[in-house]
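Here the structure comes first, spelled out in structure tokens, and everything after it is commentary.
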Amino acid sequence: MKIRKAVIPAAGYGTRFLPATKAQPKEMLTVLDKPLIQYSVEEAAGSGIEHIAVIVSRGKDAILDHFDRNPELEQFLKEKQKFEQLHEVERITGLAEFHYIRQKEMLGLGHAILMAEEFVGGEPFAVLLPDDIFDCPVPCTQQLITAAEQYEASVIVLGRVDAEGTKKYGIIKPHPIADRVFRVDDMIEKPGPERAFSDLAIIGRYVFTPEIFQAIRDTEPDHRGEIQITDAIKLLRQEQPVYGYLFEGTRHDCGDKIGFLKGSVSLALKRPDYAAEFRAFLRDIDL
Ligand code: G1P
């Protein structure tokens, strides 16, 4: 099973970031010097993904422009001999073949992924939620792909969370089968600590077999009228095994304001070009 395609859902309103997202896509908010979505695209490209479908909606044109060529800017940078910037601008465009699919109605993450059915064309594929930035020795999606190829099945990435986390993420009922690998025996979307099966949460990276699309179609909308991918995975696992993989590395959940700030600070402290100055600055802040 060779995984060459990925889907990045980026159609949501970004309400958790208002007012920043009133007139610009959440996915284009900048973490250090790159828009949030570029981290997912680079992770996919670094995991052998060649085709990326971004699910978009009205007001998301900046994403299309960001991954497109900009001949005027390229010419300008060439004339000014700003070759480093030129190289960077050209590199972004070449990260993958980009495809854009419109989700006309906000009917949930499951529905957004269903929009990519034709693009996927019956192959297994990866899904990356751009809120999460992973900092891993092996790209997180590559870790998942390796597990999916080994088990020839859908695999979702897992991370351990505290009681608060059980309110923010889908939680699985795990059956351990190998180092870092669990068979998923059940799952609930954002159960809260009382109803959570475990501390193992679904965190924004998936590899699916194409049968997920039928499962999404068979999924009933939740109380908010949204089709949750977690509910579709529950149906899928009645037909075929689904596995969870506890990834190796660090994750920054930049999906809300405080997480975004924490992620930005953590990543800045690891950047060779900023770290020393930024660390000194933080040390001087009177806490
Ligand atoms: C979605 C999924 C949830 C998952 C989370 C990971 O929730 O529905 O199962 O744990 O992403 O970030 P959302 O963040 O879109 O509310």
Given a Förster distance of 35 Å, the FRET efficiency implied by the Cβ-Cβ spacing of residue 22 and residue 100, rounded to the nearest 0.05, works out to 0.95
Rounded to the nearest 10 degrees, the helix 275-284 long axis (Cα) sits at an angle to the longest Cα principal axis of the chain of 90 degrees
By the mean-Cβ-within-10 Å protection proxy, highest first, 263-273, 191-201 rank as 191-201, 263-273
Note on the stretch 195-287: alpha-carbon gyration tensor, axes a ≥ b ≥ c; rule is a/c under 1.5 for rounded, else prolate if a/b larger than b/c, else oblate; result prolate
Helix 83-93: inclination vs the chain longest Cα principal axis, degrees, rounded to 10, gives 30 degrees
The stretch 202-244 -> Rg/Rh from Cα coords, Kirkwood Rh, value 0.95
When the charge dipole of the stretch 2-121 is computed with +1 on Lys and Arg Cβ and -1 on Asp and Glu Cβ about the Cα centre, the Cα farthest towards its positive end, among 48, 99, 20, belongs to 20
Given unit charges at Cβ for Lys, Arg (+) and Asp, Glu (-), the dipole magnitude of the stretch 1-160 about its Cα centre in debye, nearest 20, is 440 debye
For the chain, the longest principal axis of the Cα atoms and the Cα long axis of helix 36-45 enclose an angle in degrees, to the nearest 10, of 70 degrees
Stretched fully, the stretch from residue 164 through residue 265 gains (0.36 nm per residue minus C-alpha distance, one decimal, in nm) 34.2 nm
Compactness summary of the stretch 235-287: radius of gyration and Dmax from Cα atoms, Å, are 18.2, 57
With label points set 7 Å from each Cα along the Cα-to-Cβ direction at residue 175 and residue 82, the distance between them in nm comes to 5.7 nm
Contour minus Cα-Cα span, residue 257 to residue 284, at 0.36 nm per residue, comes to 7.3 nm
Listed by chain and number, the aspartates and glutamates with an alpha carbon less than 19 angstrom from that of residue 167, same-chain partners under 8 positions apart left out, are 131, 132, 186, 189, 194, 199, 222, 226, 231, 253, 256
Rounded to one decimal in Å, the inverse mean reciprocal Cα-Cα distance for the stretch 126-236, i.e. its Kirkwood radius, is 14.5 Å
Scoring the chain by relative contact order with C-alpha pairs under 8 Å, at least six apart, yields a percentage of 21 percent
Partner lysines whose C-alpha sits under 25 Å from that of residue 173, ignoring same-chain residues fewer than 8 away, are 190, 234
proj_area_mean for the stretch 1-73 (convex hull on C-alpha atoms), units nm², value 6.0 nm²
For the stretch 1-145, shape from the Cα gyration tensor axes a ≥ b ≥ c, cut at a/c of 1.5 then a/b versus b/c, turns out oblate
Looking only at lysines whose Cα falls under 21 Å of residue 34's and that sit 8 or more positions away or on another chain, we get 22, 26, 60, 82, 257, 262, 270
With +1 at each Lys and Arg Cβ and -1 at each Asp and Glu Cβ, the charge dipole magnitude of the chain around its Cα centre, to the nearest 20 debye, comes out at 420 debye
Note on the stretch 83-149: alpha-carbon gyration tensor, axes a ≥ b ≥ c; rule is a/c under 1.5 for rounded, else prolate if a/b larger than b/c, else oblate; result oblate
Hits in the stretch 268-287: amide N under 18 Å from the 7 Å Cα→Cβ extension of residue 250, namely 268-283
Relative contact order in percent for the stretch 10-123 (Cα pairs under 8 Å, 6+ apart) equals 31 percent
At 10 °C and 1.306 mPa s, the Stokes-Einstein diffusion coefficient in µm²/s for the chain, with hydrodynamic radius from the Kirkwood sum on alpha carbon pairs, is 80 µm²/s
Measuring from its Cα centre, the stretch 99-192 shows a charge dipole (+1 at each Lys and Arg Cβ, -1 at each Asp and Glu Cβ) which, in debye to the nearest 20, is 240 debye
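Only the coordinates and a few stated rules stand behind these numbers; no lab work does. Here the structure is a predicted model, which means the values were calculated and not measured. Here Cβ is always computed from backbone atoms with ideal geometry, including for glycine, and neighbour counts include all displayed protein chains.
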